[in-house]
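In what follows, a structure is listed as structure tokens, so that the remarks can point back to it.
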């Protein structure tokens with residue numbers, strides 16, 4: 001559909017459905033959703049010219065002396081927002097531009113588009129399907145779960161199940177299909193798996209999902225959090241992501257002649273993820289709290305290896321469904337749901353494509369429980385570890401030409417600066433652990 005016809009569709013739908021406000025969405029570098037709300041009277045101008053805003057007020061955007069920027073709505077992302085509001089409201093994601101019409105280098109959506117274009121130049125389309133885990137608590141002020149249920153557990157009149165159901169219904173009303181929804185391992189921990197689609201659409205969907213989940217929780221007088229590890233001693237929340245490359249309609253990861261159905265492209269892609277895993281972790285796990293999840297014993301990946309049925313591995317190759325060659329895929333298990341999905345999927349794609357371009361050799365499959373192996377055994381098998389802290393992850397990222405190239409200079413430099421500041425603040429903070437452990441003894 002041409003741009004002109006897309007604009008006509010949006011304008012006609014707004015008029016026919018009586019839409020009173022249109023929210024223009026975009027994200028800052030850290031992945032926080034931003035919104036500018038306009039009326040239908042301004043919509044045609046916004047579609048044609050973009051809406052001016054102060055970029056210096058957005059985390060990681062412009063300097064004060066070059067503040068004015070344009071938010072250009074993407075008509076492909078137009079959807080009505082559900083939820084029983086008094087007046088119909090719609091939303092569109094925006095691409096951020098300079099006043100001369102050039103893409104803004106600090107826009108995470110542009111970063112992703114640039115990496116997807118690199119894949120297209122090689123004949124590939126990148127698809128993603130995330131498993132998004134999160135917690136419900138009674139409020140945002142305290143870690144107070146309201147159930148003690150476990151994995152797949154179903155209880156009568158369960159508030160969490162009802163909130164999950166309402167979230168799924170709102171997502172599907174916005175054209176975001178859901179595959180699965182269930183209670184996870186932790187108390188008040190839940191998971192909703194989004195049906196795979198192209199990576200840009202999925203990043204938009206993840207941003208939408210996080211907002212919808214929080215709105216539904218708020219309507220139920222509780223709080224939804226995507227914090228990676230809110231409860232000590234319980235499993236944290238991950239965003240295991242199923243990845244695949246397609247060449248046209250053909251799954252480039254599938255090879256019917258291979259013993260396990262995995263093509264050379266798929267093997268090289270996995271090898272790329274393993275080689276560059278440490279470098280990209282600061283982006284896929286971008287918070288101090290992210291590394292409280294990436295520890296042994298809680299089903300989160302810690303060691304850099306791959307396997308088919310071994311869930312302690314960083315990369316897993318799920319068995320494809322019988323007769324469905326297009327379901328061949330890779331599961332990358334380290335990302336958490338608090339990452340910026342545009343940046344996270346950009347560096348994941350860059351790492352995998354590097355393996356394909358350079359023909360990285362896939363190491364042997366890890367067949368043992370890696371958590372039970374000794375350090376010497378892991379070293380003998382060539383199994384390294386992910387960074388154990390945000391500081392260690394930033395050091396690995398800072399040395400990475402691959403991440404610098406994938407993110408671009410603007411985002412790369414700002415991201416490192418911001419995360420070093422976060423780590424410095426964390427180091428200076430006296431934690432409740434220290435008070436409990438030392439105050440009465442020292």
Relative exposure of 190, 7, judged by other C-beta atoms within 10 Å (fewest first): 7, 190
Cα radius of gyration and Dmax for the stretch 214-292 (Å): 18.4, 54
For 427, 113, 354, order by how many other beta-carbon atoms lie within 10 Å, fewest first: 427, 113, 354
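Express the relative contact order of the stretch 68-223 as a whole percentage, based on alpha carbon pairs under 8 Å and six or more residues apart in sequence.
23
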Gyration tensor (alpha-carbon) shape descriptor, the stretch 294-421, a/c threshold 1.5: oblate
Rel. contact order, % - alpha carbon contacts under 8 angstrom, at least six apart, the stretch 113-433: 19
Rounded if a/c under 1.5, otherwise prolate or oblate - the stretch 171-245, Cα gyration tensor axes: oblate
Förster radius 25 Å - calculated FRET efficiency between residue 174 and residue 2, Cβ distance, rounded to 0.05: 0.55
Bins of 10 Å from zero: percent of alpha-carbon pairs in the stretch 355-442: 12, 25, 27, 27, 7, 1
For the chain, average projected area of the Cα convex hull in nm²: 24.4
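Rule-based calculations on the coordinates, nothing more; no lab input. Given the structure is predicted, the values throughout are model-derived calculations rather than measurements. FYI the Cβ positions are ideal-geometry reconstructions off the backbone, even for glycines, and counts take in every protein chain you see.
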